[in-house]
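Data block below; observations after.
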Amino acid sequence: RLNGSLSAHPEKDELILFGGEYFNGQKTYLYNELYVYNIRKNSWAKVEIPNPPPRRCAHQAAVVPTAGGQLWVFGGEFASPNGEQFYHYKDLWVLHLATKTWEQIKASGGPSGRSGHRMVACKRQLIIFGGFHESARDYIYYNDVYTFNLDSFTWSKLAPSGIAPAPRSGCQMATTPEGHVIIYGGYSKQRIKKDVDKGTLHTDMFLLKTEGAGKEEDKWAWSRLNPSGVKPTPRSGFSVAIGPNNRSLLFGGVHDEEEEESIEGDFFNDIYFYDIGKNRWFPGQLKGPKSEKRKRRRGRQAEAEGAGDEEMEKQPPQGPVEIVKEVVAEDGTVMTIKQVISGPAEEKERSESEEEEEEDGALGQQVEPCPRSNAMLAVKHGVLYVYGGMFEVGDRQFTLSDLYSIDLHKMEEWKVLVEMDPKAQEWLEESESDEEDDDTEGAEGGEEEEESSEEESEDEGGEEQHPSVEPEEKHADYLSRTEQYWIKLARSNMGPDAKEKKVVKVAHAMAKTFYEGSA
């Protein structure tokens with residue numbers, strides 16, 4: 001699923017997943033189930049609690065440690081399976097974790113119905129910012145701020161001084177130790193003329209400062225932040241969490257290139273940290289497992305050894321390296337997955353560790369979540385957990401159910417806790433649809449699954465039809481020798497109307513997939 005909420009239990013080693021959506025090409029399924037992931041047992045369990053909130057996605061959840069832990073949920077949206085009914089919620093719920101009971105809190109004066117807003121718990125209050133509301137005729141994005149007092153159970157609408165961020169949804173919202181709020185990025189769209197909308201990816205950053213101790217009459221003020229360091233590349237659909245050492249972080253997302261008729265999405269699986277105290281962004285860089293790291297570093301960087309967590313920031317800024325992967329769907333659509341690795345030094349380290357892993361007979365690539373947007377994040381004991389989300393190939397949306405973790409203190413490697421089962425994916429163009437079985441686990445993760453399905457679809461045509469790879473032949477030589485064959489094949493798959501540039505791209509990707517499959 002995507003657009004659910006994942007929260008760390010304040011007392012137990014558990015993560016709590018609520019709500020979310022799944023789309024199979026025809027129908028949208030929304031959930032109001034509650035799942036608990038037990039960190040020590042590495043297992044999910046569905047928890048049946050009577051009278052839950054109605055099904056929803058794109059809501060917000062925040063945990064407070066009161067009375068054995070409470071999970072507060074506000075807003076979100078509902079869509080019926082056929083998409084005809086659609087509305088936004090403005091209800092407030094609390095899940096009492098100790099007694100396992102849901103309670104709806106009815107208090108007047110709260111925010112209007114919305115989704116894509118952000119909510120944080122800070123000094124005995126919930127603070128809500130932004131979001132959007134859409135109806136059949138129109139849509140509106142918000143930049144208002146509300147607080148809900150967790151002692152008096154009352155809403156207040158704030159009227160901060162200063163210039164507020166432009167209205168937006170899906171931004172990053174974090175609190176500082178002093179009780180201030182930081183806002184970064186987000187998405188909004190505006191109607192330019194009838195039936196024409198223009199989307200904006202925001203990359204600005206704001207501080208909402210309080211001059212008080214969380215009282216109703218506190219004065220609040222907006223100011224713009226100008227952070228140093230390397231800011232995230234523009235994107236929407238990123239996920240956020242608060243990490244250790246007074247840092248907030250952002251993971252993944254998508255950058256849509258709007259070309260004439262179609263929208264091409266570049267999906268990400270990178271992490272950016274924002275150091276709240278230093279007002280500084282920096283990309284998270286994997287250091288590789290310790291033993292390998294020592295071997296590789298001995299001569300090169302011995303003096304930096306032991307600098308620990310800060311070391312990531314001390315490396316001289318080198319130009320980020322983009323690694324582009326292409327995934328081909330059976331209908332010939334190519335999806336480009338861009339991955340930005342910050343600087344040649346890291347790329348070198350990574351390729352060396354890949355070689356070592358290959359010698360061990362491993363996958364030949366460090367495990368990592370495939371690029372995705374709208375994933376669910378939680379941090380517990382300094383470990384980041386990433387669950388689900390989605391990516392697109394052509395017109396298809398692939399919804400994920402895998403679970404990964406990475407230790408934010410060490411930043412050495414991703415671990416896959418639950419892999420994606422490609423068989424759990426269904427995509428229906430039309431005709432009947434089945435409820436998706438979301439309890440399946442197993443087999444393969446994200447991207448590889450796409451490539452393998454592409455290979456299978458070619459296998460059905462009998463592989464001996466494709467020009468075979470000669471012994472010791474390099475990829476470039478194979479491609480120049482067989483390019484015309486693959487272009488013809490791609491053209492026959494894609495039809496006469498496809499653009500030449502696109503056909504060549506698909507042809508090259510098919511040749512590469514076949515070449516790698518034969519190697």
Residues of region 90-115 being in contact with a strand residue (DSSP E or B) (Cβ under 9 Å, 6 or more places away or on another chain) and either β-branched (Val, Ile, Thr) or in contact (Cβ under 8 Å) with a residue 60 or more places away in the chain (or both), in sequence order, are VAL94, LEU95, LEU97, THR101, ILE105
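Would you say GLY109 is loosely packed, with under 13 Cβ neighbours inside 10 Å and out of contact with any Leu (no Cβ under 9 Å at 6 or more places or on another chain)?
When the stated conditions are applied, GLY109 passes them.
The rows are residues; the columns are (1) assigned to a strand (DSSP E or B); (2) under 26 Å from CYS171 (Cβ atoms).
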| site | (1), (2) |
| --- | --- |
| TYR22 | yes, yes |
| TRP44 | yes, no |
| PRO50 | no, no |
| ALA67 | no, no |
What are the residues in region 46-60 that are farther than 30 Å from GLY130 by Cβ and open to solvent by 50 Å² or more (accessible area, probe 1.4 Å), if any? LYS46, GLU48, PRO50
Of (1) within 30 Å of TYR146 (Cα to Cα); (2) surrounded by fewer than 17 Cβ atoms within 10 Å (Cβ to Cβ), ARG40 satisfies all except one. Which? (1)
Selection over region 115-124 where residues are in contact with a Ser or Thr (Cβ under 6 Å, 6 or more places away or on another chain) and surrounded by 24 or more Cβ atoms within 10 Å (Cβ to Cβ) yields a count of 1
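Tell me, which strands (runs of 3 or more DSSP E) wholly within region 359-450 include 3 or more residues that are modelled with pLDDT of 80 or more and open to solvent by less than 30 Å² (accessible area, probe 1.4 Å)? Show your work before the answer.
Values: elements: 376-380, 383-393, 396-407, 414-418.
Correct list: 376-380, 383-393, 396-407.
The values are calculated or read from the model by the stated rules, or taken from the named source; none is laboratory data. None of the values given here were measured: they were computed from a predicted structure. Using ideal geometry, Cβ is built from the backbone for each residue, glycine included, and neighbour counts are taken over all protein chains shown. When the accessible area is computed, the model is the full protein with side chains, heavy atoms only, and any ligands, DNA or RNA have been set aside. Shrake-Rupley method; radii C 1.70, N 1.55, O 1.52, S 1.80 Å.
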